[in-house]
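The values are calculated or read from the model by the stated rules, or taken from the named source; none is laboratory data. Remember, it's a predicted structure, so these values are computed and weren't measured experimentally. Neighbour counts are summed over all protein chains in view; Cβ atoms, including those assigned to glycine, are modelled from backbone coordinates with ideal geometry.
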Amino acid sequence: MTTLLTKAFKTAENLPAVEQNALAKWLFDKLHSEATWQKTFAGSEEILEMLADEALEEKQKGKTAPLDHSRL
């Protein structure tokens with residue numbers, strides 16, 4: 001555990017139990033959310049690269065047009 005994280009937990013020890021529980025829930029939710037995003041995007045790098053290559057090829061062939069923001 002890093003020094004900063006240790007210091008944060010030591011500080012949290014002085015909070016009332018309700019606030020400690022709220023902090024713990026927030027931390028668990030944050031860690032779970034981060035893990036979920038990592039799993040979601042783990043296999044998408046190849047697909048994104050393929051789509052980017054396809055878009056560049058279409059631009060080089062003149063098959064694209066500038067985006068008209070007023071039509072969004």
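Quick one: GLU46 ticks every box in (1) surrounded by 10 or more Cβ atoms within 10 Å (Cβ to Cβ); (2) not in a loop (DSSP other than H, G, I, E, B) bar one, so which box is it? The one condition GLU46 does not meet is (1).
Residues in region 33-43 that are at pLDDT below 90 and either outside any helix (DSSP H, G or I) or not hydrophobic (A, V, I, L, M, F, W, C) (or both): GLU34, THR36, GLN38, LYS39, THR40, GLY43.
Identify, from the list LYS61, LYS7, LYS30, LYS25, the residue that is at pLDDT below 95 and not small (Gly, Ala, Ser). Testing whether each residue is at pLDDT below 95 and not small (Gly, Ala, Ser) leaves just LYS30.
Taking the stated definitions as given, is LYS39 in contact with a helix residue (DSSP H, G or I) (Cβ under 9 Å, 6 or more places away or on another chain), exposed (fewer than 10 other Cβ atoms within 10 Å of the Cβ) and not polar (S, T, N, Q)? No, not satisfied.
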